[in-house]
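*Asks:* Have a look at this one before I ask anything.
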Amino acid sequence: METIDRNIENEPQSHLTLIRERSLTDVIREEIERLIFSNKLNAGDKINEKALAERYSVSRAPIREASRALEQAGLVEIINNRGVFVRRVNLGQVIEIFNIRAALGRLAAYEAARRISESEISALQDLVAELQEVADEEDAEAYLKLNLQLHQKIFDISGNKKLAKLDTDLGKELRLFRLRGLRSGGGIKVSNSEHHDVLNAICSRDAETAGRLFENHIVRGRDRFLASIESNDVK
């Protein structure tokens, strides 16, 4: 089984510059997330506390706290007497999460359309324009990063903090699956075309249409992921 000590041995120290105002736990958590999302740690890999502590010159306490936070976010699982492992998520669970996020997205876009200000309209337009540039370059990883920012912005504009947190937590579990769907069959350009439609509805303050389109956008992201599995004969 792969372990984190082998995967991080060539990682630059600059990725973990400790900022005084932030806790060690937060920094370690973000670093483990980065390793997972960059495919340096994969599903089933064991997180080696000793290797992390030595690599970043910290005690094991913040690593354990970070692991507990990552478990709550659904990214790892802690198995008694065995350790911490990157979580495996089966296909049924992935579909369930996509469906929940679609329902959350409908509510977020509905509320965002009712509450949005002129400055927020400008911010959304700038983000979608950036996404278009990246989509034209077909850079899936850069696109996903901006895509996450756009989705988060819509949830923030909705004014419902609990709703936004639910989506963020669920979205972390889906990040790698969404990347796969975007890389398949022109998914990036199709995805951003859908963003334009959602943006137009929100900026027009058409709450019903905005909610429906954003929900459909997330459902189609689910379907793109499922199509990528079928095309690669992955069960």
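The values are calculated or read from the model by the stated rules, or taken from the named source; none is laboratory data. What you are looking at is a predicted structure, and each value in this text was computed from that prediction instead of being measured. All Cβ positions, glycine included, derive from the backbone under ideal geometry; neighbour counts span all protein chains shown. Just the protein is used for accessible areas: all its heavy atoms, side chains included, with ligands, DNA and RNA removed. Shrake-Rupley method; radii C 1.70, N 1.55, O 1.52, S 1.80 Å.
*Asks:* What is the number of the single condition among (1) at pLDDT below 85; (2) open to solvent by less than 10 Å² (accessible area, probe 1.4 Å) that SER191 does not meet?
*Replies:* (1)
*Asks:* What residue, among those in the range 108-144 that are farther than 17 Å from SER193 by Cα and under 19 Å from the mean Cα position of the chain (by Cα), is surrounded by the fewest Cβ atoms within 10 Å (Cβ to Cβ)? Working first, answer last.
*Replies:* Our first condition is that a residue be farther than 17 Å from SER193 by Cα; within the range 108-144, this holds for 108, 110-123, 141.
Filter once more, so that each one left must be under 19 Å from the mean Cα position of the chain (by Cα): 108, 141.
Numbers: ALA108: 28, GLU141: 12.
Top of the filtered list is GLU141.
*Asks:* Could you grab me the full set of residues in the range 54-65 that are assigned to a helix (DSSP H, G or I) and either farther than 14 Å from GLU31 by Cα or open to solvent by 100 Å² or more (accessible area, probe 1.4 Å) (or both)? Let's see the steps before the verdict.
*Replies:* We begin by selecting, within the range 54-65, every residue assigned to a helix (DSSP H, G or I); these are 54-56, 60-65.
Selection gives GLU54, ARG60, ALA61, ARG64.
*Asks:* While we're looking at this one, here's another question. Restricting attention to the range 102-114, does a residue exist that is in a helix (DSSP H, G or I), among the charged types (D, E, K, R), modelled with pLDDT of 90 or more and within 17 Å of ASN216 (Cα to Cα)?
*Replies:* yes
*Asks:* How many residues, within the range 66-101, are aliphatic (A, V, I, L, M), open to solvent by less than 80 Å² (accessible area, probe 1.4 Å) and part of a helix (DSSP H, G or I)? Spell out how you get there, then give the answer.
*Replies:* Initially, the range 66-101 is screened for residues aliphatic (A, V, I, L, M), giving 66, 69-70, 73, 75-76, 78-79, 84, 86, 89, 91, 94-95, 97, 100.
Next cut, open to solvent by less than 80 Å² (accessible area, probe 1.4 Å) only: 66, 69-70, 73, 75-76, 78-79, 84, 86, 89, 91, 94-95, 97.
Restricting the remaining residues to those that are part of a helix (DSSP H, G or I) gives 66, 69-70, 91, 94-95, 97.
Summing the residues that are aliphatic (A, V, I, L, M), open to solvent by less than 80 Å² (accessible area, probe 1.4 Å) and part of a helix (DSSP H, G or I) in the range 66-101 gives 7.
*Asks:* Taking only the range 202-217 into account, find how many residues are of a type in the set (A, V, I, L, M, F, W, C) and open to solvent by 10 Å² or more (accessible area, probe 1.4 Å). Outline the logic, then answer.
*Replies:* Of the residues in the range 202-217, the ones of a type in the set (A, V, I, L, M, F, W, C) are 202-203, 207, 210, 213-214.
The next check asks that each one be open to solvent by 10 Å² or more (accessible area, probe 1.4 Å); those that pass are 203, 207, 213.
Summing the residues that are of a type in the set (A, V, I, L, M, F, W, C) and open to solvent by 10 Å² or more (accessible area, probe 1.4 Å) in the range 202-217 gives 3.
*Asks:* Related question: For the range 116-166, which residues satisfy the criterion of being in contact (Cβ under 8 Å) with a residue 24 or more places away in the chain, in a helix (DSSP H, G or I) and small (Gly, Ala, Ser)?
*Replies:* ALA123, ALA135, ALA140, SER158, ALA164
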